[in-house]
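Have a look at the structure below before the remarks.
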Amino acid sequence: MPELPEVESVRQGLIHLVQGRVIQDIVIDWERIIVTEQPLSDWSEHLKGQQINTVERRAKFLIFRFDDWTLISHLRMEGKYHFYPADEVPATKDKHTHVRFLFTDGSQLHYHDVRKFGRMELVAPESVKDYFLARKLGPEPNAEQFHLSTFKTQLSQLKKPIKPLLLDQRVVAGLGNIYADEVLFEAKIHPTRPANSLTDQEVARLYDAILNIMAAAIKAGGSSVRTYLNSLGEAGTYQEQLKVYGRPEEPCPRCGQLISKIQFAGRGTHFCSHCQPVACIKEA
């Protein structure tokens, strides 16, 4: 957490809040957030006087486009951005604020991260494509980039269980634990099924579920579970539509059987054992 829909909501908020602002200074309070081999003073110097032209997203990464540089930010488990207008900047920073961007108009953008797992990296604009190619990210979960025929071919060649395959980002980007559970429930596929055991009908259902659920979650501003808020301080509402995630021992909304939760591949995994059988059921 946050996953792609939440990161997209943060991106949309940041566009509204910081696009066009110029950096006057950067204060780094936790050095490990910054990925660089340079002295931090040199790293910060690159961004002084730079204007934020736009904020983009690739999978779960935020991409801040400046005049001469690109800042790539990964929120990981608990990362958040808080914007403060000039007349609302706190006198003392929060103990979990680790990077502060000070703008020439007096406003500030603070990076807040309870677990300190988030990372920021500065790359040249021409290197952004290679940066993401090196991470072997799959396509974005939309019909323009994510194609059923390619998805079907990839799954047919892989024995890995379907849930951890969805989580590893190489077949399709942006799904985390919440949405992997939800799309597998929607597609009636057990999370432990080997990818190459799925029938064509199951792959098609899974493909449609990924497109539909991710689009709906983005529209709802993501799912506000635990501490997630977007950069406008707003909660998402898709958690109200979750069918299995976070609902162990509640009735399945399809069949009424109690939802199960197991630990699988190191993650809490929610499913309905009736609607999502372990064995493949041949379809007419």
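The values are calculated or read from the model by the stated rules, or taken from the named source; none is laboratory data. Here the structure is a predicted model, which means the values were calculated and not measured. All Cβ positions, even for glycine, are placed from backbone atoms using ideal geometry, and neighbour counts span all protein chains on display. Keep in mind that these areas ignore ligands, DNA and RNA; they rest on the heavy atoms of the full protein, side chains included. Shrake-Rupley method; radii C 1.70, N 1.55, O 1.52, S 1.80 Å.
A few remarks follow.
- Test: residue in the range 22-36 that is open to solvent by 10 Å² or more (accessible area, probe 1.4 Å), among the polar types (S, T, N, Q), modelled with pLDDT of 95 or more and farther than 14 Å from Leu109 by Cα: yes
Listed here are the residues, each with its yes/no results for (1) of a type in the set (Ser, Thr, Tyr); (2) farther than 21 Å from Arg193 by Cα; (3) in the same structural domain as Ala209 (by the TED database); (4) more than 16 Å from the chain's Cα centre (by Cα).
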{"position": "Tyr84", "(1), (2), (3), (4)": "yes, yes, no, yes"}
{"position": "Thr97", "(1), (2), (3), (4)": "yes, yes, no, yes"}
{"position": "Leu102", "(1), (2), (3), (4)": "no, yes, no, yes"}
{"position": "Asp130", "(1), (2), (3), (4)": "no, yes, no, yes"}
{"position": "Leu155", "(1), (2), (3), (4)": "no, no, yes, yes"}
{"position": "Lys159", "(1), (2), (3), (4)": "no, no, yes, yes"}
{"position": "Asp168", "(1), (2), (3), (4)": "no, no, yes, no"}
{"position": "Leu175", "(1), (2), (3), (4)": "no, no, yes, no"}
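- Among the residues making up the range 98-114, those that are open to solvent by less than 30 Å² (accessible area, probe 1.4 Å) and part of a loop (DSSP other than H, G, I, E, B) are Ser107, Asp113.
- Among the residues making up the range 190-220, a single one is crowded, with 19+ Cβ neighbours inside 10 Å and of a type in the set (Asp, Glu): Glu202.
- Scan the range 1-43 for residues that are within 20 Å of Lys80 (Cα to Cα), of a type outside the set (Lys, Arg) and in a helix (DSSP H, G or I) and the total you get is 16.
- Among the residues of the range 137-189, those identified as of a type in the set (Asp, Glu) and open to solvent by 20 Å² or more (accessible area, probe 1.4 Å) are Glu144, Asp168, Glu186.
A quick yes/no check of all residues on (1) in contact with a helix residue (DSSP H, G or I) (Cβ under 9 Å, 6 or more places away or on another chain); (2) under 26 Å from Asp168 (Cβ atoms); (3) charged (D, E, K, R):
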| site | (1), (2), (3) |
| --- | --- |
| Ser44 | no, no, no |
| Asp68 | yes, no, yes |
| Leu75 | yes, yes, no |
| Lys95 | no, no, yes |
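- Residue list for the range 45-97, filter: outside any loop (DSSP other than H, G, I, E, B), open to solvent by less than 10 Å² (accessible area, probe 1.4 Å) and either farther than 22 Å from Arg115 by Cα or not β-branched (Val, Ile, Thr) (or both): Leu47, Val55, Leu62, Phe64, Thr70, Leu71, Ser73, Tyr81
- Annotation: Asp130 fulfils all but one of (1) touching a Phe, Trp or Tyr at 6+ places or on another chain (Cβ under 8 Å); (2) more than 20 Å from Leu14 (Cα to Cα); (3) of a type in the set (D, E, K, R); the unmet one is (1).
- Residues being out of contact with any helix residue (DSSP H, G or I) (no Cβ under 7 Å at 6 or more places or on another chain) and touching a residue at least 12 places away in the same chain (Cβ under 8 Å) - total across the range 162-172: 3
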